[in-house]
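> Pasting in a structure now, in structure tokens, and then I'll have a few things to ask.
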Amino acid sequence: MEADQKTSPTTRSVPLIAALLLGSALPTYANDTVCREGLDADKDPWTANFYLDNDLFTNTDRNYTNGIRVSLVSPNVDNFLTDDCLPEWVLGVNQYLPFLDADASGEDGIQRNVVITFGQQIYTPTDLNRTTVDPNDRPYAGWLYTGLAYQSRNEEVLRTTQLNLGIVGPAALGQEAQDFIHDLRGFDKVQGWDNQLENELGLQLVHEMKYRFAPEPLTGVLAYDTIFHMGGSLGNVATYANAGAEFRLGWRLPDDFGSSALRPGGDNSAPGPKDARYASSSRNNSLGAHLFVAADGRYVLHDIFLDGNTFSDSHSIDKEHWVGEVTVGWAVLYRGVKFSFSRVHRSRVFKGQPEGHNYGAIALSYSFEF
């Protein structure tokens, strides 16, 4: 049975599907000549982001056990509807979303970027050898999605509106992804995936705002800054409101909006002109490093990974409405590259959960020109 799963057409098609989605996100400009002539080398890079959450970093293998996402942030664009630096297919989609080009703030100097995303998340209960449903633990679930986000920013504020579309259930290939990793690491395979959530199309609309206070010198070359965020999600995948903050302390703090997070709306490395109050732009040749502590709290109305399928019967568990997490980590920057590692401590997410969950997270961002 396992051999059939490994060689099934669906499984073999995963690398091809991923390659096509990521290839379509690469910079194929609507008007290549006009775009390249208009790019400003000081402020118009593309930014590629890679995110990985995994609880193997903390020697566990349960709950939110793995998350991976890749995203591509466009150069600064004049508008979301006609700019020649956006891929043609993105412009085609944007024609149906004219409200996205409205600048509600009315401020001058607003910069706009489009973020193209592809990702997967995997959730499992604690007893990985059990073949039947555990009524006291969370369901097995996978979430495979692609997303399109729209960002606008100035020196102090970053606004992100993101639409994710994907699938929950066997078609999300959570079992195949976990089996692949367990094969690489020589671990036993998980036995309960036959009990996972049923296939269901997922839709998620996310909005998040970040407020950044300029760095303040502390002593010598050290400085600190604070970034607040607030937002929410609406859809059959997740509906919640959240808020939190991040504190950074270090040398040559970057002029971005914090350490990249895998959560929707978490792309913080939107390219922009160097803020003179910051010691490091996203692409200069200076070495920078900093420590960070971040916190996020949310009130959850709906979570498909705990509440179960929306339109069919499935296993579910009573969720906790109030959920919080604290992240502690470090980051380094050099020549357009930013790498961060952190540990995330999340509170209990369902009633009867013995304890919270810890996992590790890495993020890699690279700003580049074509």
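> May I ask you to list pairs of residues, at least six apart or on different chains, whose Cβ atoms are under 8 Å apart, with the first in the stretch 306-331 being of a type in the set (D, E, K, R) and the second being surrounded by fewer than 14 Cβ atoms within 10 Å (Cβ to Cβ)?
That search, which allows pairs on different chains as well, returns 318/351; 318/352; 319/351; 320/351.
> Kindly indicate the residue of the stretch 315-370 that is part of a strand (DSSP E or B) and among the basic types (Lys, Arg) and also surrounded by the most Cβ atoms within 10 Å (Cβ to Cβ) among those meeting that condition. Write out each step before concluding.
The first filter runs over the stretch 315-370 and keeps only residues part of a strand (DSSP E or B), leaving 319, 322-334, 337-346, 350, 357-368.
Filter once more, keeping what is among the basic types (Lys, Arg): 319, 338, 343, 346.
Values: 319: 20, 338: 24, 343: 14, 346: 17.
Per the criteria, the residue is 338.
> Return the only residue of 120, 151 being within 15 Å of the chain's Cα centre (by Cα), over 30 Å from residue 311 (Cα atoms) and at pLDDT 75 or above.
Numbers: 120 fails: over 30 Å from residue 311 (Cα atoms).
Only one candidate passes the filter, namely 151.
> Can you work out which of the residues in the stretch 206-249 that are more than 30 Å from residue 312 (Cβ to Cβ) and of a type in the set (S, T, N, Q) is modelled with the highest pLDDT? Walk me through it before giving the result.
Applying the first criterion (more than 30 Å from residue 312 (Cβ to Cβ)) to the stretch 206-249 yields 208-230, 243-249.
Remaining after also requiring of a type in the set (S, T, N, Q): 219, 226.
Numbers: 219: 82, 226: 96.
Checked the stretch 206-249; the qualifying residue modelled with the highest pLDDT is 226.
> So which of 119, 142 is buried (at least 22 other Cβ atoms within 10 Å of the Cβ), at negative phi and in a strand (DSSP E or B)? Spell out how you get there, then give the answer.
Details: 119 fails: buried (at least 22 other Cβ atoms within 10 Å of the Cβ).
Just one listed residue meets the conditions, 142.
> Scan the stretch 57-103 for residues that are assigned to a loop (DSSP other than H, G, I, E, B), modelled with pLDDT of 75 or more and crowded, with 18+ Cβ neighbours inside 10 Å and jot them down.
First, the residues of the stretch 57-103 that are assigned to a loop (DSSP other than H, G, I, E, B): 59-62, 74-76, 78-86, 95-97, 102-103.
Within this subset, residues satisfying the condition of being modelled with pLDDT of 75 or more are 59-62, 74-76, 78.
Once the filter is applied, which keeps residues that are assigned to a loop (DSSP other than H, G, I, E, B), modelled with pLDDT of 75 or more and crowded, with 18+ Cβ neighbours inside 10 Å, the stretch 57-103 yields 61, 74, 75, 76.
> Kindly indicate whether residue 179 is loosely packed, with under 15 Cβ neighbours inside 10 Å and either closer than 30 Å to residue 77 by Cβ or among the charged types (D, E, K, R) (or both).
Values: loosely packed, with under 15 Cβ neighbours inside 10 Å: no; either closer than 30 Å to residue 77 by Cβ or among the charged types (D, E, K, R) (or both): yes.
Criteria not met by residue 179.
> If you check residue 196 against the conditions, is it over 23 Å from residue 323 (Cβ atoms), modelled with pLDDT of 85 or more and touching a Phe, Trp or Tyr at 6+ places or on another chain (Cβ under 6 Å)? Outline the logic, then answer.
Working: over 23 Å from residue 323 (Cβ atoms): no; modelled with pLDDT of 85 or more: yes; touching a Phe, Trp or Tyr at 6+ places or on another chain (Cβ under 6 Å): yes.
Criteria not met by residue 196.
> How many residues are free of Cβ contacts under 8 Å to residues at least 40 places away in the same chain and either of a type in the set (A, V, I, L, M, F, W, C) or in contact with a helix residue (DSSP H, G or I) (Cβ under 9 Å, 6 or more places away or on another chain) (or both) when one looks only at the stretch 332-348?
The initial filter retains those residues of the stretch 332-348 that are free of Cβ contacts under 8 Å to residues at least 40 places away in the same chain, namely 337, 339, 341, 345, 347-348.
Narrowing further to those that are either of a type in the set (A, V, I, L, M, F, W, C) or in contact with a helix residue (DSSP H, G or I) (Cβ under 9 Å, 6 or more places away or on another chain) (or both): 337, 339, 341.
Summing the residues that are free of Cβ contacts under 8 Å to residues at least 40 places away in the same chain and either of a type in the set (A, V, I, L, M, F, W, C) or in contact with a helix residue (DSSP H, G or I) (Cβ under 9 Å, 6 or more places away or on another chain) (or both) in the stretch 332-348 gives 3.
> Same structure, new question: For the stretch 174-223, give me the residue count where each residue is under 22 Å from the mean Cα position of the chain (by Cα) and in a strand (DSSP E or B).
Of the residues in the stretch 174-223, 13 are under 22 Å from the mean Cα position of the chain (by Cα) and in a strand (DSSP E or B).
> Determine if the stretch 123-135 includes at least one residue that is under 18 Å from residue 319 (Cβ atoms), within 21 Å of the chain's Cα centre (by Cα) and in contact (Cβ under 8 Å) with a residue 60 or more places away in the chain.
Yes, some residue in the stretch 123-135 is under 18 Å from residue 319 (Cβ atoms), within 21 Å of the chain's Cα centre (by Cα) and in contact (Cβ under 8 Å) with a residue 60 or more places away in the chain.
> Checking residue 249 against (1) closer than 22 Å to residue 153 by Cβ; (2) surrounded by fewer than 16 Cβ atoms within 10 Å (Cβ to Cβ), only one condition comes out false. Which one?
Unmet for residue 249, out of (1) closer than 22 Å to residue 153 by Cβ; (2) surrounded by fewer than 16 Cβ atoms within 10 Å (Cβ to Cβ): (1).
> Another question about this same structure. Only one of these is buried (at least 19 other Cβ atoms within 10 Å of the Cβ) and modelled with pLDDT under 70: 30, 19, 25, 3. Name it.
On the way: 30 fails: buried (at least 19 other Cβ atoms within 10 Å of the Cβ); 19 fails: buried (at least 19 other Cβ atoms within 10 Å of the Cβ); 3 fails: buried (at least 19 other Cβ atoms within 10 Å of the Cβ).
Selected residue: 25, the only one of 30, 19, 25, 3 that is buried (at least 19 other Cβ atoms within 10 Å of the Cβ) and modelled with pLDDT under 70.
> Hey, does the stretch 201-213 have a residue that's touching a helix residue (DSSP H, G or I) at 6+ places or on another chain (Cβ under 8 Å), of a type in the set (Val, Ile, Thr) and either in contact (Cβ under 8 Å) with a residue 40 or more places away in the chain or closer than 20 Å to residue 344 by Cβ (or both)?
Applying the first criterion (touching a helix residue (DSSP H, G or I) at 6+ places or on another chain (Cβ under 8 Å)) to the stretch 201-213 yields 202.
This time we only want the ones that are of a type in the set (Val, Ile, Thr), so: none.
No, the stretch 201-213 has no match at all.
The values are calculated or read from the model by the stated rules, or taken from the named source; none is laboratory data. Please read all numbers here as calculations on a predicted model, not as lab measurements. Positions of Cβ are backbone-derived with ideal geometry, glycine not excepted, and every protein chain shown enters the neighbour counts.
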